[in-house]
Amino acid sequence: MDAACEKAKLVGIGALVGAIDCDVHPRAPYTRELMPYFDAHWADTAKHRDILMRELTSFPPNAPLMRRPDWGVKGESGASLETVQAQVLDRWRLKAAILTPVFSGSMMHDPFLGEALCRAHNDWIREAWLQKDERLRASIVVNLGRPEAAAAEIDRVAADRRFVQIIIPVQTEIPIGRAVHKPIFTAAVRHGLPIGLHAGSMFRNPPSQSGFYSTFSEDYAAHISAFTAQVANLISEGVFAEYPELKVVLIESGVSWMPPFMWRFSKDWRGVRNEVPWVDRSPAEMMRDHVRLTTQPFDAPPEAVAKVVQQFGSSDMLLFSSDYPHWNFDGDAVVPDGMPQEQLKKMLVDNVLATYPRLKA
């Protein structure tokens with residue numbers, strides 16, 4: 001057993017005291033709950049276009065397999081404020097938790113409808129969640145159909161410093177690093193907000209280069225291809241070169257795929273680096289500077305955890321998350337067995353504060 005493995009210890013619930021959870025899923029609001037936040041036009045449109053159906057593309061109410069049976073609200077896949085308080089904040093005695101909505105407004109083909117839904121959601125979560133528990137922080141949901149409008153929504157919502165990141169489904173219509181998205185990157189840097197790429201899709205394209213999968217198990221296991229594609233694109237399009245302060249958080253992506261991807265991308269880049277002169281150092285170095293990963297689901301067995309962490313070549317990249325109310329772990333074992341002690345404190349607090357500067361206040 002090497003030194004890294006020898007230092008790895010089992011992590012008890014007491015280690016979570018004062019930690020910050022970077023991925024907690026609130027339940028999606030029903031359209032009726034958003035009605036007070038629509039202007040007159042969209043309130044009328046919501047009735048005439050029957051956009052109640054959009055609830056099927058958020059966390060739908062009847063999706064029990066998306067959560068542990070003993071967590072959340074019975075019959076609902078997302079969590080209520082009361083369950084988050086009892087089962088996350090109070091149970092683990094956390095300092096804070098970042099809410100990461102999986103919401104249909106960001107997925108709408110009609111960008112104007114999507115923008116109205118996102119605007120209403122951002123106002124709803126402020127009143128229904130943030131104003132009821134000072135330990136909660138939230139993510140800004142946006143629709144990418146019109147990047148300038150998305151940037152304006154970021155500017156509007158970011159005035160409330162309890163919003164600490166921008167959240168986007170990882171499977172976007174076009175690669176996220178394309179120049180058309182510059183207004184969003186500019187707004188993110190202007191307000192000191194990282195961009196969270198969360199597992200999920202805008203449903204514009206097949207999830208694989210060979211078309212659609214037949215089963216959920218295929219889609220879930222192969223989802224890392226979307227994350228690798230987006231990270232490669234952000235580097236190759238020069239986003240990190242142009243925005244050196246920008247951080248991108250990969251949420252619910254898994255972890256163990258990243259070290260071999262860092263190695264392979266850096267190796268291949270050396271042979272073709274003349275086409276991307278703005279990539280002035282190895283992609284692995286750029287990932288260590290700009291990319292962060294949440295720790296659930298941690299897809300490595302206990303005996304391999306320390307070695308995977310060591311292979312990152314940095315202790316700055318991992319951020320603690322529970323992915324509540326999903327069931328990626330058992331009971332209170334939200335931190336995988338075998339996590340090295342020196343990584344633990346950084347992961348639970350220090351890395352989170354460095355990635356989300358608004359949390360320092």
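The numbers here are math on the coordinates, done by the rules we state, and not lab data. What you see is a predicted model, and the numbers here were worked out from it, not measured in a lab. Positions of Cβ are backbone-derived with ideal geometry, glycine not excepted, and every protein chain shown enters the neighbour counts.
The table that follows gives values for the structure above.
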{"quantity": "Charge dipole of the range 3-360 about the Cα centre (unit charges at C-beta), most positive-ward option of Phe227, Pro169, Val157", "calculated": "Val157"}
{"quantity": "Förster radius 30 Å - calculated FRET efficiency between Ala86 and Asp289, Cβ distance, rounded to 0.05", "calculated": "0.20"}
{"quantity": "Net length gained if the chain between Phe112 and Lys182 were fully extended (0.36 nm per residue, minus Cα distance)", "calculated": "23.3 nm"}
{"quantity": "Relative contact order of the range 207-301, defined on C-alpha pairs under 8 angstrom at six or more residues apart (%)", "calculated": "36"}
{"quantity": "Highest-fluctuation residue, Ser253, Ser315, Ser104 considered, GNM on the chain with Cα pairs under 10 Å", "calculated": "Ser315"}
{"quantity": "As computed over the chain, the Cα convex hull volume per residue (Å³)", "calculated": "136"}
{"quantity": "Residues in the range 282-319 reached by a label modelled at Tyr213 [backbone nitrogen below 18 Å; 7 Å Cα→Cβ]", "calculated": "296-300"}
{"quantity": "Where GluC sites (Glu not before Pro) fall in DSSP loop in the range 101-199, at most 10 other Cβ within 10 Å", "calculated": "Glu134"}
{"quantity": "Within the chain: Cβ-based charge dipole about Cα centre, in debye rounded to nearest 20 (Lys, Arg +1; Asp, Glu -1)", "calculated": "480"}
{"quantity": "Förster-model FRET efficiency, 56 Å R0, Asp133 and Asn274, C-beta, rounded to 0.05", "calculated": "0.60"}
{"quantity": "Hz values of 3J(HN,Hα) by residue in the range 102-107 - Karplus curve (6.51, -1.76, 1.60), Gly and Pro given as x", "calculated": "9, 10, 5, x, 6, 9"}
{"quantity": "Dipole magnitude of the range 122-230, debye to nearest 20 (Cβ charges: Lys/Arg +1, Asp/Glu -1, about Cα centre)", "calculated": "300"}
